[in-house]
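Enquirer: Following this message is one structure expressed as structure tokens.
Each reported figure results from applying straightforward, stated rules to the coordinates on display, with no laboratory input. Source: prediction; values computed, not measured. Glycine gets a Cβ as well: all are built from the backbone with ideal geometry, and neighbour counts include every protein chain shown.
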Amino acid sequence: MFKRTLLAFVVFTAMAATASAQDTPTEGGGSAAPPPPTAAPAATTTDPAFQKGTLGFSLPVLLVSNVSGLTTAVGGVPDIDLVYFLDDKSALDLIVGIDIAKTTTTTGTPPMTSSNTTFGFDIGAGYRMYKHKPGRLHTFMEPALIVSWPDTSDSSFLTVRAQFGIGAEVMLADWMSFGGEGYVGFSETDGFNEFSFATGASLVANLYWK
């Protein structure tokens, strides 16, 4: 009988101690708070297009400059941009343009007609540095160097242009954006016999894929 009573007393004491430990108030009152939940990772504002390995294609919608030779080469060679992202904040920009034009001229009496075909091109490269804003806005800076030769039959048209631009893109969809860029540039033509310093601006549509 004594052994049964002693065993019951031990069990009762153990149960009471366990309940007391669970209800022990923390300093300042109240029950012990459960550990805080693990915080979810912060949401990124970077759109899917802005990541390593993405390719982009930029088509000009509007070009404006106080010197025509800044935004397009003399003679009007149109440029497009092929962009390759090194990571989410930087990209290489290959700038290319080709222009083949045939012109017809009528002179003399009696009139005599002659035709002439010209071939021109632009080739250059830039380095874009992006900063991503909340939402779908992305700004960037870009230094670039471009060689323009609108008429390869005449070396006096050969132009070298260095420019620095600041622009922004707004994503219309995950892989498409509309953007604009303003820039200043220095260009030299005809072996430094002619040069210009001018400002310019452009509006472009951008398509990305990976």
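Enquirer: DSSP loop chymotrypsin sites (Phe, Trp or Tyr not before Pro) in region 72-168 with at most 15 other Cβ atoms within 10 Å of their Cβ, which ones? Walk me through the intermediate numbers first.
Expert: On the way: sites: Tyr84, Phe85, Phe119, Phe121, Tyr127, Tyr130, Phe140, Phe157, Phe164; in loops: none.
When the chymotrypsin sites (Phe, Trp or Tyr not before Pro) of region 72-168 are filtered for loop state and at most 15 Cβ neighbours within 10 Å, nothing remains.
Enquirer: Take every Cα-Cα distance within region 101-155, group them into 5 Å bins from 0 onward, and report for each bin the whole-number percent of pairs it holds.
Expert: Per 5 Å bin, starting at zero, the Cα-Cα P(r) for region 101-155 comes out as 5, 13, 12, 10, 11, 10, 9, 8, 7, 6, 4, 3, 2, 1 percent.
Enquirer: Also, quick follow-up: Which log10 I(q)/I(0) values does region 128-210 give at q = 0.14 Å⁻¹ under the Debye formula, counting every alpha carbon as one identical point scatterer?
Expert: Calculated log10 I(q)/I(0) at the listed q: -0.60.
Enquirer: To continue, here is another question. Once Rh for region 76-182 is found with the Kirkwood sum over Cα pairs, what is the Stokes-Einstein diffusion coefficient at 37 °C and 0.692 mPa s, in µm²/s? Don't jump to the answer; show the numbers that get you there.
Expert: Details: Rh = 16.4 Å.
The Stokes-Einstein estimate is 200 µm²/s.
Enquirer: Same structure again: If contacts are Cα pairs under 8 angstrom and at least 6 residues apart, what is the relative contact order of region 102-201 in percent? Display every interim value, and only then the final one.
Expert: Working: 206 pairs, mean separation 18.5, N = 100.
18 percent.
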